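**Student:** Have a look at this one.
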Amino acid sequence: MTQAVGTAYERIGVGYGGHRREEPTWRRAITAALDPATTVVNVGAGGGSYEPHGRTLIAVEPSTVMLAQRPSNAAPVVRAVAESLPFGNGAFDAALAILTVHHWTDPDAGLAELRRVAARQLVVTWDPEVVGSSFWFTRDYLPEALEREIGLPTVREIAAGLGSRTAVTVLEVPHDCRDGFFAAYWRRPRAYLDPGVRSAISAFALLDQRLVDRAVRQLARDLDDGAWAARYADLASYDSLDLGYRLVVAD
Ligand SMILES: C[S@@+](CC[C@H](N)C(=O)[O-])C[C@H]1O[C@@H](n2cnc3c(N)ncnc32)[C@H](O)[C@@H]1O
């Protein structure tokens, strides 16, 4: 596994919390998969989305910009990276890592650390290959987003990095998804015209903005003249879609 992004959230994390709220269906899936863990570490925790209530939780987050967005009543947080967790072996029942592994400098080392500090590991991630073929934005407007992500960890690699007893669950993206990640607005295309929405999505924020601007201008034209509505008319009949997001659980 290779990795290219590093701690870019010092730059791109500004305003993240404004558009990245918890998606309730994902919270339910994550909470259910945590049971019966009572002690949890949330690695790459950001502002604290999906952190479970009623359990003992410590968050780990390297970016000061993201740390500043944690609510005052959020769980205690340690400034550290996944690749070197400041905890003893088996310190937690479960380790969470939500939409963060593809930002780690060394995903293999980070996954090994999750295994070292916790008996169970839960990773929410997305498969670049599935997103590339199933999401209209990458496929038809911004294939460069996918090209940039070649080499990021696939779901298969993450499962392998967590060991042999892994289960992979599809996390569908509802049409009104509250967590504004890349594919969240698949049925609300006008959202992608909003620079604030795009700035909270690393696939946009880390790309050459000239490419993003070109894609967004094309989308705006297609929305205005009805081409988008005609081409993707079938999307209106879906309430949720599998766009490559996965929950990987390992014991
Ligand atoms: C897309 S955000 C996800 C935040 C949160 N888990 C959520 O679901 O909203 C990715 C997070 O990973 C963090 N991150 C980047 N590199 C990291 C590393 N090496 N170790 C731990 N976290 C890292 C970023 O600072 C950022 O907060």
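**Student:** In segment 85-132, which residues are under 24 Å from ALA200 (Cα atoms), in contact with a Gly (Cβ under 9 Å, 6 or more places away or on another chain) and assigned to a loop (DSSP other than H, G, I, E, B)?
**Tutor:** If the condition is that a residue be under 24 Å from ALA200 (Cα atoms), in contact with a Gly (Cβ under 9 Å, 6 or more places away or on another chain) and assigned to a loop (DSSP other than H, G, I, E, B), then LEU99, THR100, TRP104, THR105, ASP127 are the ones that fit.
**Student:** Now for a separate question. Determine whether segment 128-136 contains at least one residue that is at pLDDT 95 or above, of a type in the set (Ser, Thr, Tyr), surrounded by fewer than 18 Cβ atoms within 10 Å (Cβ to Cβ) and out of contact with any His (no Cβ under 6 Å at 6 or more places or on another chain).
**Tutor:** No, every residue in segment 128-136 fails to be at pLDDT 95 or above, of a type in the set (Ser, Thr, Tyr), surrounded by fewer than 18 Cβ atoms within 10 Å (Cβ to Cβ) and out of contact with any His (no Cβ under 6 Å at 6 or more places or on another chain).
**Student:** Tally the residues that are farther than 17 Å from ALA37 by Cβ and more than 15 Å from the ligand (Cβ to nearest atom), restricting the search to segment 89-127.
**Tutor:** Total satisfying the criteria: 1.
**Student:** Of the numbered conditions (1) out of contact with any Leu (no Cβ under 6 Å at 6 or more places or on another chain); (2) in contact (Cβ under 8 Å) with a residue 24 or more places away in the chain; (3) surrounded by 15 or more Cβ atoms within 10 Å (Cβ to Cβ), ARG198 satisfies every one except a single condition; which is it?
**Tutor:** Here ARG198 meets the rest and fails (2).
**Student:** If I filter segment 6-26 for residues that are more than 13 Å from the chain's Cα centre (by Cα), part of a strand (DSSP E or B) and modelled with pLDDT of 90 or more, do I get at least one hit?
**Tutor:** Scanning segment 6-26, I find no residue that is more than 13 Å from the chain's Cα centre (by Cα), part of a strand (DSSP E or B) and modelled with pLDDT of 90 or more, so the answer is no.
**Student:** Another question, then. Go through segment 26-48 and report how many residues are under 13 Å from LEU247 (Cβ atoms) and touching an Asp or Glu at 6+ places or on another chain (Cβ under 9 Å). Before you say what the answer is, go through the steps one by one.
**Tutor:** Of segment 26-48, the ones under 13 Å from LEU247 (Cβ atoms) are 26-34.
From the residues that got through so far, the ones that are touching an Asp or Glu at 6+ places or on another chain (Cβ under 9 Å) too are 26, 34.
Result for segment 26-48: 2.
**Student:** So, of the residues in segment 58-70 that are part of a strand (DSSP E or B) and buried (at least 23 other Cβ atoms within 10 Å of the Cβ), which turns out to be nearest to the ligand (Cβ to nearest atom)?
**Tutor:** Taking segment 58-70 first, the residues part of a strand (DSSP E or B) are 58-60.
Then drop every residue that is not buried (at least 23 other Cβ atoms within 10 Å of the Cβ), which leaves 59-60.
Working: ALA59: 9, VAL60: 6 Å.
The selected residue is VAL60.
**Student:** Scan (1) closer than 21 Å to HIS53 by Cα; (2) touching a residue at least 60 places away in the same chain (Cβ under 8 Å) for the single condition ALA91 breaks and write down its number.
**Tutor:** For ALA91, the exception is condition (2).
**Student:** Also: Considering only residues that are out of contact with any helix residue (DSSP H, G or I) (no Cβ under 6 Å at 6 or more places or on another chain) and either assigned to a loop (DSSP other than H, G, I, E, B) or surrounded by fewer than 19 Cβ atoms within 10 Å (Cβ to Cβ) (or both), which ones fall in segment 45-57?
**Tutor:** Hits for segment 45-57 are ALA45, GLY48, SER49, GLU51, HIS53, GLY54, ARG55, THR56.
**Student:** Just a yes or no: is a residue in segment 20-28 surrounded by fewer than 21 Cβ atoms within 10 Å (Cβ to Cβ), without any contact (Cβ under 8 Å) to a residue 60 or more places away in the chain and more than 7 Å from the ligand (Cβ to nearest atom)?
**Tutor:** Yes, segment 20-28 contains at least one residue that is surrounded by fewer than 21 Cβ atoms within 10 Å (Cβ to Cβ), without any contact (Cβ under 8 Å) to a residue 60 or more places away in the chain and more than 7 Å from the ligand (Cβ to nearest atom).
**Student:** Does VAL168 count as touching a strand residue (DSSP E or B) at 6+ places or on another chain (Cβ under 9 Å), of a type outside the set (Asp, Glu) and buried (at least 20 other Cβ atoms within 10 Å of the Cβ)?
**Tutor:** Numbers: touching a strand residue (DSSP E or B) at 6+ places or on another chain (Cβ under 9 Å): yes; of a type outside the set (Asp, Glu): yes; buried (at least 20 other Cβ atoms within 10 Å of the Cβ): no.
Here the answer is no, as VAL168 does not meet what is asked.
Listed here are the residues, each with its yes/no results for (1) of a type outside the set (Ser, Thr, Tyr); (2) part of a strand (DSSP E or B); (3) in contact with a Lys or Arg (Cβ under 6 Å, 6 or more places away or on another chain); (4) under 29 Å from GLU51 (Cβ atoms).
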| site | (1), (2), (3), (4) |
| --- | --- |
| ALA145 | yes, no, no, yes |
| GLY151 | yes, no, no, no |
| GLU157 | yes, no, no, yes |
| PHE181 | yes, no, no, yes |
| PHE204 | yes, no, yes, yes |
| LEU211 | yes, no, no, no |
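**Student:** Could you say whether any residue in segment 228-244 is touching a Cys at 6+ places or on another chain (Cβ under 9 Å) and closer than 20 Å to GLY47 by Cβ? Before the answer, list the steps.
**Tutor:** Initial filter on segment 228-244 (touching a Cys at 6+ places or on another chain (Cβ under 9 Å)): 240.
Now drop any that are not closer than 20 Å to GLY47 by Cβ, which leaves none.
Scanning segment 228-244 turns up no residue that is touching a Cys at 6+ places or on another chain (Cβ under 9 Å) and closer than 20 Å to GLY47 by Cβ.
**Student:** Continuing with the same structure: Look at segment 71-88 and say how many of its residues are among the aliphatic types (A, V, I, L, M), surrounded by fewer than 17 Cβ atoms within 10 Å (Cβ to Cβ) and either within 23 Å of ALA159 (Cα to Cα) or near the ligand (Cβ under 8 Å from one of its atoms) (or both).
**Tutor:** Total satisfying the criteria: 1.
The values are calculated or read from the model by the stated rules, or taken from the named source; none is laboratory data. Fair warning: this is a prediction, and the values are worked out from it, not measured in the lab. Using ideal geometry, Cβ is built from the backbone for each residue, glycine included, and neighbour counts are taken over all protein chains shown.
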